[in-house]
Amino acid sequence: MIKLIASDLDGTLLHNGAQKLTPRAIELIHELTQKGIHFVAASGRQYDNERRLFSEIKDEISYIGENGSICIHQGKVISRGIIADDLACRIIDEVKKSPNFDILISREDACLIEDNHEAFVNHIVNIMQNTTKIVDDLSKIEGPFLKIAICNMIDDTKVIMQYLEHLQEMFGAEIKVVTSGNIWIDFIAPGTNKGAALSNLMKLFHVKPEECMAFGDQYNDLEMLELVGHSYAMSNSAPGVSYYADEVTDSVEDVLEDVLASLDK
């Protein structure tokens, strides 16, 4: 019996850069919650952004945002992860040496960016519609910081992966550095990840791993996929992600339909 379902968004419930959920996805999730199954949106996105995506059913579900740094149920913060100011400053200073990488700093009130590349600002403000503050210099902002993400909309994947390796060598002993999409690299607050945040919700709801299902497609989903008893990697997942899942699927919505059909038997 499945009692909780958690799903990543970009590349999982959202495909090909989509910024809206399909009506079918919203309806399926609504039907699940009406039958007593907890649904958790688990994303690298900010909490405000997630609530906008699920606007029709925003109060029916729970949220894991910023790759697990913030976990919220019914408006209450269940857990929170913080990147130390000194570490954040060193990461920002290093990334600023690479002009094609834009930096996004997540705080609980907003994400903060600089106005360096018009395409990046447009993507964050107008396409993703994040709650955003544009600042002159990210090196001078104050925390607490939930997440640091960097984006390269100019170079190819090979360049981004080479830079990922460089950052992992520099900071990997202090913080987890992973891809969260083809053009994004995320720094995840120490001790936090989607799996750890989901574990807190499982305790809150008194559900066991074997009663939980999760979907993901990137390396920031691995802990969540490993935690649950029923895990699905997307067919277009990053290389190696499917190793951590029980099954592979082309469609979260198809699996959700199967879950609903099993409840009616």
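The values are calculated or read from the model by the stated rules, or taken from the named source; none is laboratory data. Note that the coordinates shown come from a computational prediction; the quantities given were computed from them, not determined experimentally. With ideal geometry, Cβ positions are generated from the backbone for all residues, glycine too; neighbour counts draw on all protein chains shown. What goes into the accessible areas is simple: the full protein's heavy atoms, side chains included, and nothing from ligands, DNA or RNA. Shrake-Rupley method; radii C 1.70, N 1.55, O 1.52, S 1.80 Å.
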Filter region 1-15 for residues that are open to solvent by 60 Å² or more (accessible area, probe 1.4 Å) and either under 18 Å from Ser180 (Cα atoms) or free of Cβ contacts under 8 Å to residues at least 24 places away in the same chain (or both) and give the result. His15
So which residues in region 227-261 are among the hydroxyl-bearing types (Ser, Thr, Tyr) and more than 17 Å from Leu9 (Cβ to Cβ)? Ser242, Tyr243, Tyr244
Tell me the strands (runs of 3 or more DSSP E) entirely within region 119-186 that contain at least 1 residues that are more than 17 Å from Leu87 (Cβ to Cβ) and among the basic types (Lys, Arg). 132-135
Would it be correct to say that Asn116 is modelled with pLDDT under 95, within 22 Å of Ser7 (Cα to Cα) and not in a strand (DSSP E or B)? no
Go through region 84-97 and report how many residues are over 22 Å from Asn152 (Cα atoms) and either in contact with an Asp or Glu (Cβ under 8 Å, 6 or more places away or on another chain) or aliphatic (A, V, I, L, M) (or both). 2
Check region 118-126 and report whether any residue there is of a type outside the set (A, V, I, L, M) and open to solvent by less than 10 Å² (accessible area, probe 1.4 Å). yes
